[in-house]
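Derivation of every value follows stated rules applied to the coordinates shown; laboratory data play no part. Only a predicted model underlies this, so the values are computations on that prediction, with no experimental measurement involved. Cβ coordinates were reconstructed from backbone atoms using ideal geometry, including for glycine residues, and neighbour counts include every protein chain displayed.
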Amino acid sequence: MQFKSTQSNKVVVSFKDAILRCLPQEGGLYVPASVMDLRQFFLYMDTDTAYPELVATVAPPLLQGELNPFSASRVAQSAFAFEPEIQQLDERFSLLSLYKGPTGIFKDFGIAFLAAVMEELLKNNSRGMVLSATRGDTGVSIAHAFYQRQNILSCLLYPSGPIRGLDPSTFVPQGGNIIPIQVRGTFDDCQRLVIEAIKDKPFAERYGISTANALNPGRLLPQAFYYLYAFIKLKKQLKGDLLFSVPCGNFGNLIAGLYAWKFGMPVRGFIAAMNANNAFGGFLKGEAFKPQQVISTVSPALDVSVPSNYERLLSFYEEAPAVMRNMVFPATIDDRTTLGIMDKVWKQYGILLDPHGAVAFAAADRIMASHDLSSGDAHVVVLATGHPAREAESVSKATGQTISIPPRLGILRKKTDPIALIKPHLDALEGAIASCI
Ligand SMILES: *Cc1c(COP(=O)(O)O)cnc(C)c1O
């Protein structure tokens, strides 16, 4: 599979170049230049196929010779000690739980694959450095996935404030490969530094700089695999249309679902579940996008004003606007409804949802009740993207249950010190990196 920029069809690059360089020189973001039909590889898979097996089977044809079956199998095994979990609740709903990874959020899936595939692709090469901006939990996921990867250093840029959840014994001075650096500034300053470093050729080439932020298409693409996984597990039971309900913040997860559809997964559509930050809903229906002020809600990962995947989604819509409008159903869920559905799902199915999964569940509930889909035997797979223990307070408040925190998630709250504290400038970053490696 080759990649092109969202802003130009002229230049195409390999998967390896797209994930190691991350940003097209022409501007924009990398997206697949053409899409593969993978049906022959997954359509007839056994319902008891394990997740790493599915990944190892579809990745080689998808990456067309850039990853041979042996490499793909190694990548899948080393990335996925955890699996998605699919539970059919009744005729209408299934739950796809994506929070069984090390940090309890679905982002672990894309990041784990990216780390393993980078290690594989850099095997006989020089070193690489993954430079990522983070506010917190994504940083822990990145540190976890990249720890002890051969030939790779992982540098994390944090804005002012406490840094939590990292293990100092994994840091470079202690013989590890993780470099946490605190930037005197905001998260946007950190993100700007990542982009500047990638664009600064001498710097980027000296260290082999790429990123594990969502800019990197190597994080987005593997998220399509769990949609295929849900499909093969459920296909025998499906009597009618299949839909997925996805809680949307930066819209990466939704885009990954659209890739799965492009790979040939038979699906009627996707519910784009949003909280009060729903400025993107109009765009999904064909209107111009007007960003709005961020509103704080009980589902904080969805509190986004301008989704970072805007350009990628725009390129889908430009290719086939009518198809997209027929396949993506926006729904806005307020906090009261979110907390209400958490209680309802607990009482009805004995399942605790985190508020993000609850937004998706409430949206699914609403769309299923609407007249245009209630005909036939439609079935919705709701994506539970976060572990309920991560939002224990809201979950408790909504359901009256006491939530126990698994040890691996308890660690996420522990503070650590950075290796360096810098001004928000590229030369300060260069200096900090040079002095610790
Ligand atoms: C990041 C996140 C989301 C939003 O996913 P996007 O790909 O940004 O749309 C939803 N739920 C949880 C728990 C998250 O951490």
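A few points about this structure:
- Here LYS397, LYS107, LYS10 are placed in order of increasing Cβ neighbour count within 10 Å, fewest first, which gives LYS10, LYS397, LYS107.
- Positive dipole terminus of the chain, leading residue within ILE271, GLY28, VAL359 (C-beta point charges): GLY28
- Restriction of the GluC sites (Glu not before Pro) in the range 45-125 to DSSP coil positions whose beta-carbon has at most 14 other beta-carbons within 10 angstrom yields GLU91.
- Charge context of SER296, other residues only, Cβ under 10 angstrom, K/R +1, D/E -1: -2
- Qualifying GluC sites (Glu not before Pro) in the range 187-289, DSSP loop, other Cβ atoms within 10 Å at most 10: GLU287
- The residues neighbouring LYS262, those whose beta-carbon lies less than 13 Å from its own, together hold a net charge of 0 under the Lys/Arg +1, Asp/Glu -1 convention.
- For SER210, nonlocal amide neighbours, meaning residues 5 or more places apart or on other chains whose placed amide H falls under 5 Å from its own, are MET129, VAL130, LEU131.
- Check: the range 32-109 dipole with +1 on Lys, Arg Cβ and -1 on Asp, Glu Cβ, in debye: 240
- Listed by chain and number, the lysines placed with their C-alpha closer than 22 angstrom to that of LYS239 are LYS262; residues fewer than eight positions away on the same chain are left out.
- Furthest towards positive pole of dipole, GLN293, SER315, PHE329, structure part the range 245-342, Cβ charges: PHE329
- Between helix 310-319 and the chain: long-axis angle, C-alpha atoms, 0 to 90°, nearest 10: 60
- The chain: relative contact order in percent, alpha carbon pairs under 8 Å with at least 6 residues between: 19
- With contacts taken as Cα pairs under 8 Å and at least 6 residues apart, the range 1-135 reaches a relative contact order of 16 percent.
- Overall, the chain carries a charge dipole of about 280 debye about its Cα centre when +1 sits on the Cβ of Lys and Arg and -1 on the Cβ of Asp and Glu, all other atoms neutral.
- Taking amide H atoms as placed 1.01 Å from N in the peptide plane, the amide H of ALA420 lies under 5 Å from those of GLN182, each 5 or more residues away in sequence or on another chain.
- Short-range pairs are left out: with C-alpha atoms under 8 Å and at least six residues apart, the relative contact order of the range 171-248 is 10 percent.
- Put a plus charge on the Cβ of each Lys and Arg, a minus charge on the Cβ of each Asp and Glu, and nothing anywhere else: the dipole of the range 233-291 about its Cα centre is then about 320 debye.
- Neighbours of ILE411 by Cβ distance under 13 Å: Lys/Arg scored +1, Asp/Glu scored -1, total +4.
- Theoretical ellipticity at 222 nm over the chain - DSSP helices of four or more residues, -39500 (n - 2.57) apiece, nearest 500: -12000 deg cm²/dmol
- Positive dipole terminus of the range 1-135, leading residue within PHE42, LEU67, SER5 (C-beta point charges): SER5
- Fewest-first ranking of LEU258, LEU157, using other Cβ atoms within 10 Å as the exposure measure: LEU258, LEU157
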